[in-house]
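Below: one structure, written as structure tokens.
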């Protein structure tokens, strides 16, 4: 797959490897697409679908063990994997616009057994519901250090970047402005002077406030909001908060079955001259990262239930699930707009649908090889049997026993064929061994071999 091009095999090749690295990655993506949430599920699904996988994989030594899958993800460089992911997103999605929401989530199942649960910060394109990148928070740090690293890896020009109060830091605001983007930052008590100045401004400048009111009804619930905006001039120092244009306050009242559940006030600063309606929409879009990403990872893809904890595996598997999530959302062929849960089940049931999803990982589709009627080519074909047919050139493929596939010049699976050997009255009849000697065909011996496992690795 194109997305995986350039991703280095993390195993020590000197020890020999039995299974192809990229095949393992594609198997895992295929299984997770097909409603598998654990590595045990991935292995069992791969065994049950081995014949389908062999349509475009060699699988020289069959399906790897669970230990082999886990070893790959424990050793795989997460930075390299992330780089491939970002490159793929930029290739398949070229019309991004609007708001990029940045927020963190703890992968709770990765903690335990002496391991600390990892915390991932993700960037989320709210208009398309797509993950653009992720960054792991260091055990001895917090989101304040991870967010700048994530922003450095993204294309931000022209976007509005929304971050909750943890990311309300001068250095982060400066970085966003330097990347020719704008910020919308939530303000709380971690910035006490700024927080107090905004509160005082909304009390002192009542006559300057511009606001908009909105209400949402549904299932016996009412959420009413008023978004108020003031110019930042004279309130917020641009030397502290570069290019700050407006301050905003959102007053929210929630009722369930007519009973009020309280009122909440939230404050924001923005470097773009946003109207109250635009602020309200951007804040609503930001919360999409909770509903469309974090909740989906927890409930639909069972991320927090995973017990994979060692080395790089939790981080890599978190990214892999985000790859699958993007694949499900990029696909536009579903006219009934099925839920993500149902899309995964359909991918498990429908081989062609699953192949279409996987095709989105590449800029060119997997193509079947042309073999019938062609001269035998040891770089494309495996000679399984011989035949003798009048009028057919010696060495021509007369039958395809199993179709082969390639992608952009790379052989994914050799075509298994029957090859013609012309009858000769002055020689003995041809045999299978004769054709093998005459046309030696590679059988995937170039693929790496797996080293013996060293215990039960998880």
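The values are calculated or read from the model by the stated rules, or taken from the named source; none is laboratory data. Computed from a predicted model, the values in this text were never measured in an experiment. Please note: Cβ atoms are built from the backbone with ideal geometry, for glycine as well, and neighbour counts cover all protein chains shown.
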Lone unmet requirement of (1) in a strand (DSSP E or B); (2) modelled with pLDDT of 75 or more for residue 378: (1)
Filtered residue count, segment 154-181, keeping only those that are more than 11 Å from residue 271 (Cβ to Cβ), touching a strand residue (DSSP E or B) at 6+ places or on another chain (Cβ under 6 Å) and assigned to a loop (DSSP other than H, G, I, E, B): 4
Residue among 108, 71, 86, 47 that is outside the structural domain of residue 328 (by TED's automatic domain parsing) and either modelled with pLDDT of 85 or more or under 30 Å from residue 182 (Cβ atoms) (or both): 86
Scope segment 341-350; condition under 18 Å from residue 292 (Cα atoms) and touching a residue at least 40 places away in the same chain (Cβ under 8 Å); matching residues: 341, 344
Odd one out for residue 146 among (1) assigned by TED's automatic domain parsing to the domain that holds residue 287; (2) part of a helix (DSSP H, G or I); (3) touching a residue at least 24 places away in the same chain (Cβ under 8 Å): (1)
In segment 270-297, the residues that are in contact with a helix residue (DSSP H, G or I) (Cβ under 7 Å, 6 or more places away or on another chain) and either farther than 30 Å from residue 230 by Cα or part of a helix (DSSP H, G or I) (or both): 296, 297
Residue check for residue 218: at pLDDT below 90, within 28 Å of residue 131 (Cβ to Cβ) and either surrounded by fewer than 14 Cβ atoms within 10 Å (Cβ to Cβ) or over 36 Å from the mean Cα position of the chain (by Cα) (or both): yes
Filter result (in a helix (DSSP H, G or I) and without any contact (Cβ under 8 Å) to a residue 60 or more places away in the chain) within segment 298-340: 298, 299, 340
